[in-house]
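A.B. asks: Sending over a structure as structure tokens; questions will come in a sec.
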Amino acid sequence: MADDPAGIGRPERPGAFVSGSAINARNCLLVRDRVRMCSLFASRGRLALNLPRRPHRRLSPLRWLTAQAASSGAASPRLAPYRLHPFECVSGTVQLPGSKSLSNRVLLLAALTGRGETVRVENLLYSDDIRAMLDALRALGIRVDELPEQRAAIVHGCGGCLPPQSASTVTLSLGNAGTAMRPLTAMLCAVALSAADTTEQTFLLDGTARMRERPIQDLVDALQQLGAEVECARGTGCPPVRIRRRGVFRGGRACVRGKISSQYLSALLMAAPLATEHDVELQVTDTLVSVPYVQMTVKLMERFGVRVQVEYSDAAGAGTGGGVPHRFRIAAGQRYRVPPGGVFPIEGDASSASYFLAAAAISGGDIEVRGCGTDSVQGDVRFAEVLQQMGAQVTWQPQAIRVTRDRSVPLRGVDVDCGDIPDAAMTLAVAALFAIGRTAIRNVYNWRVKETERMHAIVTELRKLGAQVEEGVDYCVIEPPPPGGAVRAGVAIDTYDDHRMAMAFSLVACGGVEVVINDPACVRKTFPDYFQVLESVAQYRTKESKV
């Protein structure tokens, strides 16, 4: 094609319910046992959905989705806007779905364990991003037995060597899943090829239109330093990524930037043990954002039998573990091993926990989330500390967090460096609407390269609700509506095909303000039944019955 010199073709169409205009029946087996979507889609084939728009009326998400799926009306790949009526308070207990970040990392590490060995992954999140990883592993010839009704999967190890590939060029379509695109790019540069694949083997990793805007050049540069033949196929510094394999991955030294995304470093770390000759040494050349996610990766690798030596900056004392990690060494000859017992349980998603914890803080309710707590490896549990600074009460347990707020004590604005919790920082932006005084959210430049340009999206939607917002390159300062004013009711929030925009701004209802969420189905990326779970713990201001 004249306008496609790389020969890549058009990206997977964004905005579809799962992929294109079709839904895979297995994707509808949602994480929570209460939601039995499989009754809608009995076959394992694909069912095209032409979803009609609906009037704004409150309807439980499951019954609404059922009605939409049963219809064959006018074409629209997205679900219609969803109206949330004002909540009186949010109280109860929420069992969290599995962490997205942990799920995709664990699936990949489990796939690299010994040939003939298996790992049972429990509390696995079944959502779009995890579907991208599962489908990619299967396309590469790695066996995965899915058990969605049990929220589990059994992964069969490949021994660090891919089975023979069915074609000289293997194309993987990864949607908008950064947690699949980055680690798979590194893994496919490093994993051994089958002896049957004696000629050049090419891998092409692609995704949605938005994925083609998300930078990956820093990872590509580091892989090239380690000897990999890898490039951004269109020369844009973004996917699609083309990998040519004609030899082994020997290892060596590489520098990597950490300011845009910590996923580049995590991807390199997970691939490093596959080096055949030399230790791998990775040096971070600038500020490393989202440090807890890198620490999570290192801990997971250790759980799978691989040791990573970490050197820290002098910021808090070299070698104490209290500074910022900046150099990593992975010894050659290590192999991923099955965790003890052959089972790996996935923690509840701490980013998802932030919505329910904030809901209790905003509404003066009482929420306990179960699945993550003081024992968590996820950095976003720190969001509960931010709510405590704002005036909420927080109680910690090893696997649970409880947040309450006395309604006589108003929330206060805060000034927070959110570099370690950029996802939960979006929740803070909405909570700021209901606080007294301004809230500053700092060190979140990577909002701009996420599922959407989140800084622009958040600032735009907060202003629609009546807030005054100062936008900087890597920060925003939020002034809630002035005393005597109010957050505007009935505002339709654009979600930009970004799951976290939909979930964060749904919390406006927790402040007693009606809100409309456009394209609510985008939550399928990480929390398919989010709205049902939220409404299950919400108490409404009116006694209006649900339709």
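The values are calculated or read from the model by the stated rules, or taken from the named source; none is laboratory data. No experiment lies behind these values; they were computed from the predicted model shown. Backbone-built Cβ (ideal geometry, glycine too); neighbour counts: all protein chains shown. To get the accessible areas, we keep the full protein, side chains included, count just its heavy atoms, and leave off ligands, DNA and RNA. Shrake-Rupley method; radii C 1.70, N 1.55, O 1.52, S 1.80 Å.
A.B. asks: Within the stretch 321-329, is there a residue that is assigned to a strand (DSSP E or B), more than 25 Å from the chain's Cα centre (by Cα) and at pLDDT 85 or above?
C.D. replies: Taking the stretch 321-329 as the starting set, the residues that turn out to be assigned to a strand (DSSP E or B) are 325-329.
Subset that is more than 25 Å from the chain's Cα centre (by Cα): 327, 329.
Cutting the leftovers down to at pLDDT 85 or above gives us 327, 329.
Checked against the condition, which is being assigned to a strand (DSSP E or B), more than 25 Å from the chain's Cα centre (by Cα) and at pLDDT 85 or above, the stretch 321-329 yields at least one hit.
A.B. asks: Sticking with this structure for a sec: Looking at the stretch 235-250, is at least one residue in contact with a Lys or Arg (Cβ under 6 Å, 6 or more places away or on another chain), crowded, with 23+ Cβ neighbours inside 10 Å and either in contact (Cβ under 8 Å) with a residue 24 or more places away in the chain or charged (D, E, K, R) (or both)?
C.D. replies: As a first pass, look at the stretch 235-250 and keep what is in contact with a Lys or Arg (Cβ under 6 Å, 6 or more places away or on another chain): 238-239.
Narrowing further to those that are crowded, with 23+ Cβ neighbours inside 10 Å: 239.
Checking the rest, the ones that are also either in contact (Cβ under 8 Å) with a residue 24 or more places away in the chain or charged (D, E, K, R) (or both) come to 239.
Yes, there is a match, as at least one residue in the stretch 235-250 is in contact with a Lys or Arg (Cβ under 6 Å, 6 or more places away or on another chain), crowded, with 23+ Cβ neighbours inside 10 Å and either in contact (Cβ under 8 Å) with a residue 24 or more places away in the chain or charged (D, E, K, R) (or both).
Quick grid of which residues meet (1) in contact with a Ser or Thr (Cβ under 9 Å, 6 or more places away or on another chain); (2) open to solvent by 40 Å² or more (accessible area, probe 1.4 Å); (3) within 25 Å of PRO239 (Cα to Cα); (4) not polar (S, T, N, Q):
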{"position": "ASP128", "(1), (2), (3), (4)": "yes, no, yes, yes"}
{"position": "GLY141", "(1), (2), (3), (4)": "yes, yes, yes, yes"}
{"position": "GLY157", "(1), (2), (3), (4)": "yes, no, no, yes"}
{"position": "VAL170", "(1), (2), (3), (4)": "yes, no, yes, yes"}
{"position": "PHE203", "(1), (2), (3), (4)": "yes, no, yes, yes"}
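A.B. asks: Restricting to the stretch 367-381, name every residue that is open to solvent by 20 Å² or more (accessible area, probe 1.4 Å) and either touching a residue at least 60 places away in the same chain (Cβ under 8 Å) or in a strand (DSSP E or B) (or both).
C.D. replies: Result: GLU368, ARG370, VAL377.
A.B. asks: List every residue pair whose Cβ atoms lie under 6 Å apart, where the two residues are 6 or more positions apart in sequence or sit on different chains, the first residue falls within the stretch 392-408 and is loosely packed, with under 15 Cβ neighbours inside 10 Å, and the second residue, located anywhere, is in a loop (DSSP other than H, G, I, E, B) and acidic (Asp, Glu).
C.D. replies: Cβ pairs passing all conditions: PRO398/ASP375.
A.B. asks: Any residue in the stretch 355-366 that is open to solvent by 20 Å² or more (accessible area, probe 1.4 Å), of a type in the set (S, T, N, Q) and within 19 Å of ARG407 (Cα to Cα)? Don't jump to the end; show me each part of the working.
C.D. replies: In the first step, residues of the stretch 355-366 are kept if they are open to solvent by 20 Å² or more (accessible area, probe 1.4 Å); the result is 366.
Imposing the further condition that a residue be of a type in the set (S, T, N, Q) reduces the set to none.
Looking for residues that are open to solvent by 20 Å² or more (accessible area, probe 1.4 Å), of a type in the set (S, T, N, Q) and within 19 Å of ARG407 (Cα to Cα), one finds none in the stretch 355-366, hence no.
A.B. asks: Sticking with this structure for a sec: In the stretch 184-191, is there at least one residue being open to solvent by 10 Å² or more (accessible area, probe 1.4 Å) and either at pLDDT 95 or above or touching a Lys or Arg at 6+ places or on another chain (Cβ under 8 Å) (or both)? Before you say what the answer is, go through the steps one by one.
C.D. replies: The first filter runs over the stretch 184-191 and keeps only residues open to solvent by 10 Å² or more (accessible area, probe 1.4 Å), leaving none.
Within the stretch 184-191, not a single residue is open to solvent by 10 Å² or more (accessible area, probe 1.4 Å) and either at pLDDT 95 or above or touching a Lys or Arg at 6+ places or on another chain (Cβ under 8 Å) (or both).
A.B. asks: Take ARG463 and tell me if it is among the basic types (Lys, Arg) and out of contact with any Lys or Arg (no Cβ under 8 Å at 6 or more places or on another chain). Steps first, answer last, please.
C.D. replies: Values: among the basic types (Lys, Arg): yes; out of contact with any Lys or Arg (no Cβ under 8 Å at 6 or more places or on another chain): yes.
In short, yes.
A.B. asks: Which condition number does VAL477 fail, the rest of (1) surrounded by fewer than 21 Cβ atoms within 10 Å (Cβ to Cβ); (2) in contact (Cβ under 8 Å) with a residue 12 or more places away in the chain; (3) not in a strand (DSSP E or B) being met?
C.D. replies: It fails just one condition, (3).
A.B. asks: If you check every pair at least six apart or on different chains, which have Cβ atoms under 9 Å apart with a residue in the stretch 483-498 that is modelled with pLDDT under 95 first and a residue that is open to solvent by 70 Å² or more (accessible area, probe 1.4 Å) and in a strand (DSSP E or B) second?
C.D. replies: Going by the 9 Å Cβ cut-off, the qualifying pairs are PRO483/ILE436.
A.B. asks: For the subset of the stretch 338-373 comprising residues that are hydrophobic (A, V, I, L, M, F, W, C) and farther than 24 Å from PRO410 by Cα, which member is nearest to the chain's Cα centre (by Cα)? Full working, then the answer.
C.D. replies: Applying the first criterion (hydrophobic (A, V, I, L, M, F, W, C)) to the stretch 338-373 yields 338, 343-344, 346, 350, 353, 356-362, 367, 369, 372.
Among the residues that remain, those that are also farther than 24 Å from PRO410 by Cα are: 338, 343-344, 346, 350, 372.
Values: VAL338: 25, VAL343: 22, PHE344: 19, ILE346: 14, ALA350: 11, CYS372: 16 Å.
Per the criteria, the residue is ALA350.
A.B. asks: Looking at GLY235, GLY207, which is the one that is on the phi > 0 side of the Ramachandran plot and either out of contact with any Ser or Thr (no Cβ under 6 Å at 6 or more places or on another chain) or hydrophobic (A, V, I, L, M, F, W, C) (or both)?
C.D. replies: On the way: GLY207 fails: on the phi > 0 side of the Ramachandran plot.
Of GLY235, GLY207, the one residue that is on the phi > 0 side of the Ramachandran plot and either out of contact with any Ser or Thr (no Cβ under 6 Å at 6 or more places or on another chain) or hydrophobic (A, V, I, L, M, F, W, C) (or both) is GLY235.
A.B. asks: So, one more: Can ASP286 be described as open to solvent by 50 Å² or more (accessible area, probe 1.4 Å) and modelled with pLDDT under 95?
C.D. replies: Details: open to solvent by 50 Å² or more (accessible area, probe 1.4 Å): yes; modelled with pLDDT under 95: yes.
Spelling it out, ASP286 is indeed open to solvent by 50 Å² or more (accessible area, probe 1.4 Å) and modelled with pLDDT under 95.
A.B. asks: Pull up the stretch 494-527, narrow it to residues that are more than 15 Å from the chain's Cα centre (by Cα) and hydroxyl-bearing (Ser, Thr, Tyr), then point me to the one that is nearest to GLY364 (Cα to Cα). Can you show your working first?
C.D. replies: We begin by selecting, within the stretch 494-527, every residue more than 15 Å from the chain's Cα centre (by Cα); these are 494-496, 505-521.
Now narrow it down to the ones that are hydroxyl-bearing (Ser, Thr, Tyr): 495-496, 506.
Details: THR495: 26, TYR496: 30, SER506: 16 Å.
Looking at residues that are more than 15 Å from the chain's Cα centre (by Cα) and hydroxyl-bearing (Ser, Thr, Tyr), I get SER506.
A.B. asks: While we're looking at this one, here's another question. Limited to the stretch 438-472, what total is found for residues that are more than 21 Å from the chain's Cα centre (by Cα) and at pLDDT below 95?
C.D. replies: Qualifying residue count, the stretch 438-472: 0.
A.B. asks: Here is a further query. Examine the stretch 174-182 for a residue that is in a strand (DSSP E or B) and among the basic types (Lys, Arg), and state whether such a residue exists.
C.D. replies: First pass over the stretch 174-182, keeping only residues in a strand (DSSP E or B): none.
For the stretch 174-182, residues in a strand (DSSP E or B) and among the basic types (Lys, Arg): absent.
A.B. asks: Which strands (runs of 3 or more DSSP E) does the stretch 189-280 wholly contain that include 1 or more residues that are closer than 20 Å to SER101 by Cβ and over 19 Å from the mean Cα position of the chain (by Cα)?
C.D. replies: Working: elements: 201-206, 229-232, 241-245, 252-256.
Per the criteria, 252-256.
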